[in-house]
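Chemist: Structure provided below as structure tokens; questions to follow.
The values are calculated or read from the model by the stated rules, or taken from the named source; none is laboratory data. Predicted model only: the values in this text are computed from it and were never measured. Virtual Cβ from ideal backbone geometry, glycine too; neighbours counted across all protein chains shown.
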Amino acid sequence: MSHTLKHFTHSHILTKKNFSDEFLCDGCNMLGSGIRYHCSGCKFDLHEDCATCPEKLKTYIHPGHKLTRVWEGLESSTDGRPCNVCGDQVKGLFYGCSEKVHQHFFFLHPLCSKFPSQVKHVIDNRHHLKFQSVPFIPNSRCSICRNLVSASSWSYRCDPCGVNIHLECVTLPYGHQEKRPVPPPGSSLGGGSAAVAPLPYYNQPPNFNCGYAVPYGYPPPPSSDGRKRKMFAIVCQIATTAILGAVFGVYG
């Protein structure tokens, strides 16, 4: 891949750089770290994914229609368009689908399109967990941290086994001391006693060379600011681990 790029979001040539500091992407307005496309004169930065995202995107996340890349500039103040994956507002550079015949609207950050469709996790040794939108189930709780799972974002789930895990919690070690039965079919997602996990053990986070990592530990309830800050690291860790074929939640 070229180390320089002429991008429609900026008037100058961008150069591929790898810095350790955090940056706010001038495309999608999400935080990042590590590799970026950079204009030193303007202090302009783009995620690598934002710099290289195609004009049209076909994704399992929205199988009905192709998504179209939209660039409005970060000065746009339009609200009421949450990303269908993370729940944060889309701004600047994003993907949209507007099937107006059916009054259908779908929005997606380029970064959020990178989540793998399924992962392997030690909490469910029978099935892969699938990346899915969260159905509205009152008091649905994450099978790892036991905090509520918002219906405004996606999670990794196994419906038959009643497993439901926050994106932030997928990479945490599931350090149970004994083998626990899988929740029976029909139980609330992550809400049955069989799905209760102890607090995650603290350990050193794995280094996936993504600029920074989300520390292991008991995560706070998801918030808009917190999710925005961590989404780059979450995507990077989950995608990299899934590509390697590793199992999530392994302690030690």
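Chemist: Would you tally the residues in segment 49-87 being among the hydrophobic types (A, V, I, L, M, F, W, C) and not in a loop (DSSP other than H, G, I, E, B)? Before you say what the answer is, go through the steps one by one.
Modeler: If we filter segment 49-87 for residues that are among the hydrophobic types (A, V, I, L, M, F, W, C), which is where we start, we get 50-51, 53, 57, 61, 67, 70-71, 74, 83, 85-86.
Restricting the remaining residues to those that are not in a loop (DSSP other than H, G, I, E, B) gives 50-51, 57, 67, 70-71.
Residues flagged as among the hydrophobic types (A, V, I, L, M, F, W, C) and not in a loop (DSSP other than H, G, I, E, B) within segment 49-87 amount to 6.
Chemist: Under 6 Å between Cβ atoms, at least 6 apart or on separate chains: pull out the pairs that start in segment 58-85 with a residue that is farther than 22 Å from Leu167 by Cα and in the same structural domain as Gly27 (by the TED database) and end on any residue that is part of a loop (DSSP other than H, G, I, E, B) and hydroxyl-bearing (Ser, Thr, Tyr).
Modeler: none
Listed here are the residues, each with its yes/no results for (1) touching a His at 6+ places or on another chain (Cβ under 6 Å); (2) at pLDDT 95 or above; (3) basic (Lys, Arg).
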{"site": "Thr4", "(1), (2), (3)": "no, no, no"}
{"site": "Ile13", "(1), (2), (3)": "no, yes, no"}
{"site": "Lys58", "(1), (2), (3)": "no, no, yes"}
{"site": "His65", "(1), (2), (3)": "no, no, no"}
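Chemist: Follow-up question, since we're still on this one. Within segment 150-169, track down each residue that is assigned to a loop (DSSP other than H, G, I, E, B) and either free of Cβ contacts under 8 Å to residues at least 40 places away in the same chain or farther than 21 Å from Cys236 by Cα (or both). Spell out how you get there, then give the answer.
Modeler: Of segment 150-169, the ones assigned to a loop (DSSP other than H, G, I, E, B) are 150-153, 159-162, 166.
Residues satisfying the conditions are Ser150, Ala151, Ser152, Asp159, Pro160, Cys161, Gly162.
Chemist: Search segment 170-182 for residues being among the aliphatic types (A, V, I, L, M) and either modelled with pLDDT under 90 or not in a loop (DSSP other than H, G, I, E, B) (or both), and hand back the single one that is surrounded by the fewest Cβ atoms within 10 Å (Cβ to Cβ). Outline the logic, then answer.
Modeler: Of all residues in segment 170-182, those among the aliphatic types (A, V, I, L, M) come to 170, 172, 182.
Still in the list and also either modelled with pLDDT under 90 or not in a loop (DSSP other than H, G, I, E, B) (or both): 172, 182.
Details: Leu172: 28, Val182: 20.
Only one residue fits best here, namely Val182.
Chemist: Working carefully through the options Asp124, Asp45, find the one that is part of a loop (DSSP other than H, G, I, E, B), modelled with pLDDT of 90 or more, surrounded by 21 or more Cβ atoms within 10 Å (Cβ to Cβ) and not β-branched (Val, Ile, Thr). Break it down into steps so the answer makes sense when it comes.
Modeler: Numbers: Asp45 fails: part of a loop (DSSP other than H, G, I, E, B).
Within the list Asp124, Asp45, the selection yields Asp124.
Chemist: If Leu93 passes every condition in (1) touching a helix residue (DSSP H, G or I) at 6+ places or on another chain (Cβ under 9 Å); (2) modelled with pLDDT under 95 but one, which one does it miss?
Modeler: So the condition that Leu93 fails would be (2).
Chemist: In segment 127-137, which residues are part of a loop (DSSP other than H, G, I, E, B) and either in the same structural domain as Tyr60 (by the TED database) or more than 15 Å from Ala246 (Cα to Cα) (or both)?
Modeler: So the first thing to find is which residues in segment 127-137 are part of a loop (DSSP other than H, G, I, E, B), and the list is 127-128, 134-137.
Of everything in segment 127-137, those that are part of a loop (DSSP other than H, G, I, E, B) and either in the same structural domain as Tyr60 (by the TED database) or more than 15 Å from Ala246 (Cα to Cα) (or both) turn out to be Val134, Pro135, Phe136, Ile137.
Chemist: Sticking with this structure for a sec: Do any strands (runs of 3 or more DSSP E) lying entirely in segment 1-40 carry at least 2 residues that are in contact (Cβ under 8 Å) with a residue 24 or more places away in the chain and surrounded by fewer than 16 Cβ atoms within 10 Å (Cβ to Cβ), and which ones are they? Step through it out loud before you land on a result.
Modeler: Working: elements: 4-6, 13-24, 31-39.
Of the strands (runs of 3 or more DSSP E) lying wholly inside segment 1-40, those with at least 2 residues that are in contact (Cβ under 8 Å) with a residue 24 or more places away in the chain and surrounded by fewer than 16 Cβ atoms within 10 Å (Cβ to Cβ) span 13-24.
Chemist: Separate question: Counting just the residues of segment 75-87 that are closer than 20 Å to Ser113 by Cα and surrounded by fewer than 21 Cβ atoms within 10 Å (Cβ to Cβ), which one comes out modelled with the highest pLDDT?
Modeler: Checked segment 75-87; the qualifying residue modelled with the highest pLDDT is Pro82.
Chemist: What's the total number of residues in segment 105-117 that are in contact (Cβ under 8 Å) with a residue 40 or more places away in the chain and in contact with a strand residue (DSSP E or B) (Cβ under 8 Å, 6 or more places away or on another chain)? So that I can check it myself, show each step before the final result.
Modeler: Applying the first criterion (in contact (Cβ under 8 Å) with a residue 40 or more places away in the chain) to segment 105-117 yields 106, 108-117.
Still in the running and in contact with a strand residue (DSSP E or B) (Cβ under 8 Å, 6 or more places away or on another chain): 106, 108-111, 113, 115-117.
Matching residues across segment 105-117 total 9.
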